[in-house]
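Take a look at the structure set out below.
The values are calculated or read from the model by the stated rules, or taken from the named source; none is laboratory data. Since the structure is predicted, the reported quantities are computational estimates derived from the model, not experimental observations. Because the Cβ atoms are built from the backbone with ideal geometry, glycine has one as well, and the counts that use them run over all protein chains shown. When the accessible area is computed, the model is the full protein with side chains, heavy atoms only, and any ligands, DNA or RNA have been set aside. Shrake-Rupley method; radii C 1.70, N 1.55, O 1.52, S 1.80 Å.
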Amino acid sequence: MTKLDVTVEETVFATDKDLLMEHSEYFRALFQSGMRESTQDEIQLHNLGAIGFLITLRVIAGERPLLSCEEILQAVECAAFLQVELLSKHLVNLIDLDNCLVMYEAAATYGLLDLFHAAALYIRDIYEQLEEDINCLPAELVQYVDSLIPSTFVAVGAHTPTLEFLDDTSRTMCFLNEQEDRWESLGCIPDNASTFLAGVATLNNKLFVVGGARGANKQVVERSFCYDADNHSWSEFASPHQLRYEVTLVGHEGHLYALGGEYERVPLVSVEKYSLSSQMWSFGKELPQPIAGPPAAKAMGRIFICLWKPQDTTIIYEYDTGKDDLIPVSSIRRTQSYGHCMVGHRDNLYVMRNGPSDDFLRCILENFNLSTQQWTTLSGQYVNSKGALFTAVIRGDTVFTLNRIHTYLFKVDAHSWRLIKEKAGFNKGGFMHTFFLRLPTKTKLMGSKLYKNPHQSFL
């Protein structure tokens, strides 16, 4: 460690010079410039706030602090001036209903393009909740938000690629038209694709389907498919080295992560990572136990996996993608019956489980807060209603859940999920995959036309 004292607004910060150079383009250029400052062990930064610099130091040291709007303004200024990508990513992960407009304007002022675009997309998705406040923004910022495509709730049933079932409606991928309260078609998935026990994830406005099974004997499907929502087109891509079904798939920062699963009815411990840029799979850190379909979620820009052991012990691990490591985060003992799932929102992980077995339709929701490291059982009763809560996905501060009868929309916070709307259900049998995609108008129209000819080839 090379010590460096940095003075900001008359406050002296004892810092690690090497760490600053690793994460800041500004400091890297300064110390490699050959100028007088490059050899000093004391420097002064002008026109920056001490609070913003303190936040910068905390983030590059590995912390993920929650920030007030005033702190956000100073952090954005530091991220832009010091060119700290890690801080910019952290700010993106903090965007929420309360700060999205502040983030958006600040990012526009200081030229943080990734934050600017992410905040604009967030605002577009919750436009109705912010409509009056949006009008207070400069006209050009409002125009940019208006030019973006909002997220749409999409669902597909569990389809197995068996020739006898080509007309099975589970092959149809549909989206919820929220204004008209009805489900409309995006066409059918490819004949040879499986969504039965498959890994399904979205990344870069694309849907990825990995693995899956064929028929009651669970014959593994060897082909993987990608749906491009922008072009309404399907294509194949490489499958993992270890073929698997009942696999959990997570999309994160240009990569897909295939977690666990089964092959020939044997649970797996292996984890594989697919790079969208290199189009190659590689093995990662193995899970601590073989498991099929482990619940996983993203929160604060991090991946978390929920495993369980005998005696009804649930353990949450963080999958550190940078270090390729699994880090135990917390555990809790709870009785459950046949399953559970997990979703992330802000700095909270929500675990939903059925049980106990004599009341299997009731769903218990528990919150683990990453900042406080505390567990809380959410107030109220949540009836799972044929699996609706196990399809939970979140847009903004709204949870979308789904079954054949209803689409349920909940307002989410740390202590409760409050039902705010009921919309049309997705009338397909069996397990359903749900997710969000940004669907251009042309994609919606093309999907409706293709559905009239479900045997048309996509590849």
**OP:** Identify all residues within region 284-315 that are in a strand (DSSP E or B) and either over 21 Å from Q373 (Cα atoms) or modelled with pLDDT under 95 (or both); write none if there are none.
**Re:** C306, L307, W308, K309, T313, T314, I315
**OP:** Give me a count of the residues in region 173-190 that are more than 20 Å from E236 (Cβ to Cβ) and of a type outside the set (K, R).
**Re:** 11
Original post:
Out of all the residues in region 166-217, which are polar (S, T, N, Q), touching a residue at least 40 places away in the same chain (Cβ under 8 Å) and assigned to a strand (DSSP E or B)?
Top reply: T172, S185, T202
**OP:** Might you check whether a residue that is closer than 20 Å to L207 by Cα, of a type in the set (S, T, N, Q) and not in a loop (DSSP other than H, G, I, E, B) occurs anywhere in region 270-277?
**Re:** yes
Subject >> Members of region 210-247 found to be open to solvent by 10 Å² or more (accessible area, probe 1.4 Å), of a type in the set (S, T, N, Q) and farther than 18 Å from E264 by Cβ, listed by number >> reply: N231, S233, S235
**OP:** Given the conditions (1) of a type in the set (A, V, I, L, M, F, W, C); (2) closer than 22 Å to R302 by Cα; (3) open to solvent by 40 Å² or more (accessible area, probe 1.4 Å), report the number of the one that V12 does not fulfil.
**Re:** (2)
**OP:** Just give me the residues in region 123-157 being in a helix (DSSP H, G or I), out of contact with any Pro (no Cβ under 9 Å at 6 or more places or on another chain) and open to solvent by 40 Å² or more (accessible area, probe 1.4 Å), in sequence order.
**Re:** E128, Q129, E131, E132, D133, A139, E140, Q143, Y144, D146
Original post:
Tell me, which residue of region 143-170 that is β-branched (V, I, T) and out of contact with any helix residue (DSSP H, G or I) (no Cβ under 6 Å at 6 or more places or on another chain) is modelled with the lowest pLDDT?
Top reply: T162
Original post:
Among the residues of region 107-129, is any at pLDDT below 95 and acidic (D, E)?
Top reply: yes
**OP:** From L197, L256, L207, grab the single residue that is of a type in the set (A, V, I, L, M, F, W, C) and open to solvent by 10 Å² or more (accessible area, probe 1.4 Å).
**Re:** L197
**OP:** Give the residues of region 19-35 that are surrounded by fewer than 14 Cβ atoms within 10 Å (Cβ to Cβ) and either touching a helix residue (DSSP H, G or I) at 6+ places or on another chain (Cβ under 7 Å) or not hydroxyl-bearing (S, T, Y) (or both), sorted by residue number.
**Re:** E22, E25, A29, Q32, G34, M35
**OP:** Inspect all residues belonging to region 349-361 and state whether any of them is surrounded by fewer than 21 Cβ atoms within 10 Å (Cβ to Cβ), in a strand (DSSP E or B) and at pLDDT 90 or above.
**Re:** no
Original post:
Which condition does E184 not pass, out of (1) closer than 30 Å to I134 by Cβ; (2) under 24 Å from the mean Cα position of the chain (by Cα); (3) not hydrophobic (A, V, I, L, M, F, W, C), if it passes all the others?
Top reply: (2)
**OP:** Report yes if A108 is closer than 18 Å to T152 by Cα, touching an Asp or Glu at 6+ places or on another chain (Cβ under 9 Å) and small (G, A, S), otherwise no.
**Re:** no
**OP:** May I ask you to say which residue of Q40, Q44 is open to solvent by less than 60 Å² (accessible area, probe 1.4 Å) and either free of Cβ contacts under 8 Å to residues at least 40 places away in the same chain or in contact with an Asp or Glu (Cβ under 7 Å, 6 or more places away or on another chain) (or both)?
**Re:** Q40
